[in-house]
1. Of these, I120, I94, which one is without any contact (Cβ under 8 Å) to a residue 40 or more places away in the chain, touching a Lys or Arg at 6+ places or on another chain (Cβ under 6 Å) and either aliphatic (A, V, I, L, M) or within 20 Å of S19 (Cβ to Cβ) (or both)?
2. Hey, any hits in the stretch 34-42 for a residue that's crowded, with 16+ Cβ neighbours inside 10 Å, among the aromatic types (F, W, Y), assigned to a helix (DSSP H, G or I) and free of Cβ contacts under 8 Å to residues at least 60 places away in the same chain?
3. Can you tell me which of (1) in a helix (DSSP H, G or I); (2) more than 21 Å from G131 (Cβ to Cβ) is the one P48 doesn't meet?
4. Just wondering, is there one or more residues in the stretch 118-131 that are under 13 Å from the mean Cα position of the chain (by Cα), modelled with pLDDT of 95 or more and polar (S, T, N, Q)?
5. Pull up the stretch 67-99, narrow it to residues that are open to solvent by less than 70 Å² (accessible area, probe 1.4 Å) and of a type in the set (V, I, T), then point me to the one that is farthest from M1 (Cα to Cα).
6. Go through the stretch 74-103 residue by residue and tally those that are assigned to a helix (DSSP H, G or I), touching a helix residue (DSSP H, G or I) at 6+ places or on another chain (Cβ under 8 Å) and within 16 Å of T126 (Cβ to Cβ).
7. Determine, yes or no, whether G23 is within 16 Å of V125 (Cβ to Cβ) and either touching a residue at least 60 places away in the same chain (Cβ under 8 Å) or open to solvent by 40 Å² or more (accessible area, probe 1.4 Å) (or both).
8. Exactly one condition in (1) open to solvent by less than 70 Å² (accessible area, probe 1.4 Å); (2) at negative phi is false for G106; which is it?
Amino acid sequence: MELLLELNWLAIIVAALVSFAIGYPWYGPIFGKAWLAALGKTADEIEPSPKPFIISIVTTLVTAFVMAVLIACLGIQTWYDGAILGLAVGIGFIAASNVSDAAFCGWSWNLVMIQSSYRIVYSVVTGIILGVWQ
């Protein structure tokens, strides 16, 4: 319980918001067309709804919280070490799970790469923010 009180909650919220914001260019101008093609959809087939955005911000908050706990437990205090932890979490937990899911769900590898690389990038950014701002 003491650890929870010591966490920098503002840094966690900022890291989550920054990570969430990375999704706009990622799924828009950078990979938007490739992402839609990998989904087998057109932009017209995506119905506007707040639900996926709400779920996404909650999951980025969870990721930022868990990263903050790991950073505190590991005594990380630099942007570099935070970035390395973010890379390890992004590849070792998130991308690895996505690849496993893709094998069973029949997702295209393009979709897996777009989704996984986004989460790797935001995990690194989260690690950098939380590694520096304690």
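1. I94
2. The answer is no; no qualifying residue exists.
3. P48 satisfies every listed condition except (1).
4. yes
5. Once the filter is applied, the top-ranked residue is V99.
6. Adding up the residues that qualify gives 15.
7. yes
8. Going through (1) open to solvent by less than 70 Å² (accessible area, probe 1.4 Å); (2) at negative phi one by one, G106 breaks only (2).
The values are calculated or read from the model by the stated rules, or taken from the named source; none is laboratory data. The structure displayed is predicted, hence computed values, not measured ones. Because the Cβ atoms are built from the backbone with ideal geometry, glycine has one as well, and the counts that use them run over all protein chains shown. Heavy atoms of the whole protein, side chains included, go into the accessibility calculation; ligands, DNA and RNA do not. Shrake-Rupley method; radii C 1.70, N 1.55, O 1.52, S 1.80 Å.
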